[in-house]
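Input: a single structure, listed below in structure tokens.
None of the figures in this text is laboratory data; all of them are computed from the coordinates on show. Not measured: the values here are computed from a predicted model. We place every Cβ from the backbone using ideal geometry, glycine too, and count neighbours over all the protein chains shown.
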Amino acid sequence: MTSALLAAASGLGLGLSLIVAIGAQNAFVLRQGLRLEHVAPVVGVCTVSDVVLIAAGVGGAGALVTRLPWLLPVVCLAGAAFLLGYGLLAARRVLRPGTLQAGSGGAAAGLAATVGTCLALTWLNPHVYLDTVVLLGSLASTFGDQRWAFAAGAAVGSAVWFTGLGFGARLLRPVFGRPAAWRVLDAVIATVMISLAVSLAVRGLWGT
């Protein structure tokens with residue numbers, strides 16, 4: 001295996017290991033995939049955003065984040081506020097089954113609102129910056145001249161994951177033919193979002 005292929009394979013493996021864990025972005029993509037609602041734009045936004053962030057990290061933007069100590073707390077608090085709001089909406093859907101439509105998980109949202117939510121869940125989440133810009137950027141530097149091959153591998157990993165999650169979610173639709181299944185999913189989403197909001201608020205206020 002050439003050094004470029006090795007770097008790309010390393011980027012692919014690390015990128016997938018970081019992105020597969022359940023989080024705000026993945027939960028949103030999964031829900032949109034189950035609803036068959038604006039799946040392609042959501043997958044596209046997530047993939048392009050990751051590519052941009054990975055490129056920024058490999059290009060040296062990670063150093064900028066470390067040089068501006070006030071930036072991360074600001075992003076943490078903004079992300080916490082947004083995630084808390086989204087989590088409370090999911091909790092409301094759980095507590096008020098009447099807001100659900102059987103087999104659809106609620107009324108359809110417009111394309112602009114869906115894309116806006118996806119962008120916010122991506123760009124207001126500090127964990128995205130820590131994983132893609134700081135961590136991947138730092139590891140890419142260890143590959144020297146092959147760092148862009150590493151970045152390409154990580155970008156491919158993001159594209160494969162989001163495409164599989166978004167378009168593959170429809171295979172689970174038979175399970176979600178009952179409103180109760182949507183309540184369970186929204187309960188999980190509410191728990192993930194609110195937990196992330198609390199952790200981000202703590203990090204933003206106390207830096208822990």
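With both labels modelled 7 Å from their Cα along Cα-to-Cβ, the Leu111 to Ser195 distance reads 3.5 nm.
Over the chain, the pair-distance histogram of Cα-Cα distances with 10 Å bins from zero comes to 9, 32, 34, 19, 6, 1 percent, rounded to whole numbers.
Using only Cα atoms, tell me the angle between helix 39-58 and the longest principal axis of the chain; keep it within 0 to 90° and round to the nearest 10. The angle comes out at about 30 degrees.
Taking only Cα atoms, what is the 0 to 90° angle, nearest 10, from helix 179-206's long axis to the longest principal axis of the chain? Long axis of 179-206 versus the principal axis of the chain: about 40 degrees. In the chain, taking the dipole from charged Cβ atoms about the Cα centre, the farthest positive-side position among Ala113, Gly168, Leu89 is held by Leu89. Going by alpha carbons, how many degrees (0 to 90, nearest 10) lie between the helix axis of 3-19 and the longest principal axis of the chain? Computed tilt is about 30 degrees. The simple spin-label model puts a point 7 Å past each Cα toward its Cβ; for Asp145 and Leu6 those points are separated by 1.4 nm. Using the Cβ-Cβ distance between Ala180 and Ala40 with R0 set to 22 Å, the FRET efficiency from 1/(1 + (r/R0)^6) comes to roughly 0.15.
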